[in-house]
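Trainee: Sending over a structure as structure tokens; questions will come in a sec.
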Amino acid sequence: MDDELVLEVTGLTKRFPGVIANEDVSLTVHKGEIVALLGENGAGKSTLVKMIYGLYRPDEGEIRIKGESVRLNGPREAIRRGVGMVHQHFQLVPVFTVAENVILGDEPRKLSFIERRKAVKEVTALAAKHGMAVDPKALVRDLPVGAQQRVEILKALYRQADILIMDEPTAVLTPQETDELLKVMKGFAASGVAVIFITHKLREVLAIADKIEVLRGGKVVGTTTPSETDQGKLAQMMVGRSVLLSVDKSVASPKEIVLDVVGLSSDNDIGLPAIRNVDLRVRSGEIVGIAGVEGNGQRELVEALTGIRKSTATKFTINDENAIGASPHKIHGMHVGHVPEDREKDGLVGQYSIANNMVLNRFDEPEFSRRGIRNMDAVNSLATKLVKDFDVRTPSIKTPANSLSGGNKQKVVIARELSANPSLLVASQPTRGVDVGSIEFIHSQIISARDSGAAVLLVSAELDEVLGLSDRILVMYDGQIVAELEGANPDRAEIGRLMAGGHAVVAEDSSHG
């Protein structure tokens, strides 16, 4: 790290209707320094970097780049001043090659012709300089996620970024790809590039950051370094209270088979095979976790198991009852709870009250409905109890669900699904977009369901979550279950290899007996 100050932010404030996203934020970044921005969802991290990249204009405060006070009129201006950004959702053209994507908008030309050969040469040299293996002639659509991200990074470096902003760069990577990226980021710093790194993964922050800025409620609440802190202290700074980070659970004692699936297959939204010939068993009193890079059939599997997506199977039973071709309502009636991947789209009706959302899939049960008329006393009584039991932060049970924070919306979904005492709980991304405090609570509820005898199928893109909660782990790749491993002391590197398409070594497991 150099003493040269390349970025100085002083007193930045940004307001949106009804919310202050950033308030009086100040920070400094030096040449070759890796600065981690850490905070819960809604803490103001993304708003802050969007101001530095020119996507938003601050209401108050000053941004100085390389000593010069700037008013950025958009990303083009930021890029001209050496600021690059790698977005969480890639901004690539799938049908273009790697080289074409990298040079897009800044093409080397001779007269009015793009010099493609020169572009390939420049991209090859740039990738070699920064130790990023990528074929400049490959089509982006044919690349795995980790390689696509390298293309995004090369795009920023091609425009000569010496301040590189990376927004949740490891969110969709395997453990090996993550380790590779962290190495590449250290290489950037060694070559003098300053890196601003947004994440919520504490382990990565401690492994790579020179300096850690913690945001809470739009303000910087602490600045520290890896040598001065640990995961527990960082979590406490993020949430404002101490948090149990490791999952505390007893050894499982699985009993009878609840979910029994043989030869399950289903197509994706455009009619191509998404899951192929999947065999799956989940027993009462166990959590079976599915590990895999997103996009390998997990979403389609969950939708097939909950009746949302059409599927075929040799066998598909829940508590020995045939579920082939059953509707979502019928499957719910088989005592199945479903925490969907997208709570906004599939988990809640935003304009309905919290009370009505709590009985969304139980409204026709005798307890809540008499001769077709809703029994609001019973609905309100249940909602009042669940809001208290599941610590949903809301002014009232009559509040519309869409006015809640992400973590509280998720608690409403979890409360509704678990309050019906399901014999099978299918939980997909149960803590996505949720802060560390709510994660701790949701994990404890899933373990309680297991301990009460539920069979739990957990699907998560967060490998740490799968490793922490699962009694048995299945690895999914390209629409198939490619391996099964014991949940106790799993080999993280082996799982990462399998997630990337390595060959399977299936563990012996009594669940298939």
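Trainee: So in the stretch 268-292, with the set limited to residues that are among the charged types (D, E, K, R) and assigned to a loop (DSSP other than H, G, I, E, B), which one is nearest to G468 (Cα to Cα)?
Mentor: Looking at residues that are among the charged types (D, E, K, R) and assigned to a loop (DSSP other than H, G, I, E, B), I get E286.
Trainee: Only one of A383, A461 is under 29 Å from K201 (Cβ atoms) and not charged (D, E, K, R); which?
Mentor: Exactly one residue qualifies, and that residue is A461.
Trainee: For the stretch 240-276, which residues satisfy the criterion of being modelled with pLDDT under 95 and among the polar types (S, T, N, Q)?
Mentor: Those that are modelled with pLDDT under 95 and among the polar types (S, T, N, Q): S242, S246, S250, S253, N268.
Trainee: Taking the condition of being under 20 Å from T28 (Cβ atoms) and among the small types (G, A, S), how many residues in the stretch 212-252 meet it?
Mentor: 3
Trainee: Could you pull out the residue among V214, V243, V221 that is under 19 Å from D435 (Cα atoms), touching a residue at least 40 places away in the same chain (Cβ under 8 Å) and outside any loop (DSSP other than H, G, I, E, B)?
Mentor: When all the criteria are applied, what remains is V214.
Yes or no, residue by residue, for (1) in contact with a strand residue (DSSP E or B) (Cβ under 9 Å, 6 or more places away or on another chain); (2) closer than 21 Å to R299 by Cβ; (3) among the basic types (K, R):
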position: E365; (1), (2), (3): no, no, no
position: R393; (1), (2), (3): no, no, yes
position: K409; (1), (2), (3): no, yes, yes
position: A415; (1), (2), (3): no, no, no
position: P430; (1), (2), (3): yes, yes, no
position: V434; (1), (2), (3): no, yes, no
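Trainee: I'd like the full set of residues that are in a helix (DSSP H, G or I) and either touching a Leu at 6+ places or on another chain (Cβ under 7 Å) or polar (S, T, N, Q) (or both), limited to the stretch 198-211.
Mentor: Of everything in the stretch 198-211, those that are in a helix (DSSP H, G or I) and either touching a Leu at 6+ places or on another chain (Cβ under 7 Å) or polar (S, T, N, Q) (or both) turn out to be L202, E204, V205, A207, I208.
Trainee: Scanning for something among the basic types (K, R) and farther than 18 Å from V247 by Cα, does the stretch 497-505 turn up at least one residue?
Mentor: Within the stretch 497-505, one or more residues are among the basic types (K, R) and farther than 18 Å from V247 by Cα.
Trainee: Filter the stretch 53-69 for residues that are β-branched (V, I, T) and at pLDDT below 95 and give the result.
Mentor: Matches in the stretch 53-69: none.
Trainee: R81 versus (1) in contact (Cβ under 8 Å) with a residue 40 or more places away in the chain; (2) within 24 Å of D162 (Cβ to Cβ): which is the lone unmet condition?
Mentor: The failed condition is (1).
Trainee: Restricting the search to the stretch 224-240, which residues are out of contact with any Asp or Glu (no Cβ under 9 Å at 6 or more places or on another chain), more than 20 Å from N41 (Cβ to Cβ) and assigned to a loop (DSSP other than H, G, I, E, B)?
Mentor: Across the stretch 224-240, the qualifying residues are T229, D230.
Trainee: Could we say that A190 is closer than 15 Å to V29 by Cα, among the hydrophobic types (A, V, I, L, M, F, W, C) and surrounded by fewer than 17 Cβ atoms within 10 Å (Cβ to Cβ) here?
Mentor: Yes: the conditions hold for A190.
Trainee: With respect to K201, is the statement that it is within 22 Å of K50 (Cα to Cα) and basic (K, R) true?
Mentor: Yes: the conditions hold for K201.
Trainee: Could you check, for the stretch 62-71, whether at least one of its residues is at positive phi and either part of a loop (DSSP other than H, G, I, E, B) or within 20 Å of the chain's Cα centre (by Cα) (or both)?
Mentor: The answer is yes, given that some residue of the stretch 62-71 is at positive phi and either part of a loop (DSSP other than H, G, I, E, B) or within 20 Å of the chain's Cα centre (by Cα) (or both).
Trainee: Tell me which residues, restricted to the stretch 360-376, are outside any loop (DSSP other than H, G, I, E, B) and at pLDDT below 90.
Mentor: Within the stretch 360-376, S369, R370, I373, R374 meet the criteria.
Trainee: Still on this structure, please answer the following. Surrounded by fewer than 19 Cβ atoms within 10 Å (Cβ to Cβ), touching a strand residue (DSSP E or B) at 6+ places or on another chain (Cβ under 7 Å) and closer than 13 Å to F96 by Cβ - does that describe any residue in the stretch 152-160?
Mentor: Within the stretch 152-160, none of the residues are surrounded by fewer than 19 Cβ atoms within 10 Å (Cβ to Cβ), touching a strand residue (DSSP E or B) at 6+ places or on another chain (Cβ under 7 Å) and closer than 13 Å to F96 by Cβ.
Trainee: Sticking with this structure for a sec: Hey, can you tell me all the residues within the stretch 310-359 that are assigned to a helix (DSSP H, G or I) and either free of Cβ contacts under 8 Å to residues at least 40 places away in the same chain or under 19 Å from V459 (Cα atoms) (or both)?
Mentor: Listed by number, the residues that qualify are P328, H329, K330, I331, H332, G333, R343, E344, K345, D346, G347, N356.
Trainee: From the list T28, T47, which one is out of contact with any His (no Cβ under 6 Å at 6 or more places or on another chain) and within 23 Å of V239 (Cβ to Cβ)?
Mentor: T47
Trainee: May I pose another question? Please enumerate the residues belonging to the stretch 199-255 that are over 22 Å from L181 (Cβ atoms) and basic (K, R).
Mentor: If the condition is that a residue be over 22 Å from L181 (Cβ atoms) and basic (K, R), then R216, K219, K233, R241, K249, K255 are the ones that fit.
Trainee: Just the residues that are among the hydrophobic types (A, V, I, L, M, F, W, C) and at pLDDT 90 or above, please, taken from the stretch 277-301.
Mentor: V278, L280, V282, I287, V288, I290, A291, L301
Trainee: While we're on this one: Filter the stretch 33-52 down to the residues that are modelled with pLDDT under 95 and part of a loop (DSSP other than H, G, I, E, B), then identify the one that is nearest to R76 (Cα to Cα).
Mentor: Residue satisfying both the conditions and the ranking: G44.
Trainee: Also, I was wondering about something else. Quick check, is P395 crowded, with 23+ Cβ neighbours inside 10 Å and part of a loop (DSSP other than H, G, I, E, B)?
Mentor: No; evaluated as a whole, the condition is false for this residue.
Trainee: Okay, moving on. Restricting attention to the stretch 250-269, does a residue exist that is surrounded by fewer than 17 Cβ atoms within 10 Å (Cβ to Cβ), of a type in the set (A, V, I, L, M, F, W, C), touching a residue at least 12 places away in the same chain (Cβ under 8 Å) and touching a Ser or Thr at 6+ places or on another chain (Cβ under 7 Å)?
Mentor: The answer is yes, given that some residue of the stretch 250-269 is surrounded by fewer than 17 Cβ atoms within 10 Å (Cβ to Cβ), of a type in the set (A, V, I, L, M, F, W, C), touching a residue at least 12 places away in the same chain (Cβ under 8 Å) and touching a Ser or Thr at 6+ places or on another chain (Cβ under 7 Å).
Trainee: Can you name the number of the only condition in (1) among the β-branched types (V, I, T); (2) surrounded by fewer than 16 Cβ atoms within 10 Å (Cβ to Cβ); (3) closer than 28 Å to G501 by Cβ that T225 fails?
Mentor: (3)
The values are calculated or read from the model by the stated rules, or taken from the named source; none is laboratory data. Everything quoted here is computed from the prediction, not taken from an experiment. Virtual Cβ from ideal backbone geometry, glycine too; neighbours counted across all protein chains shown.
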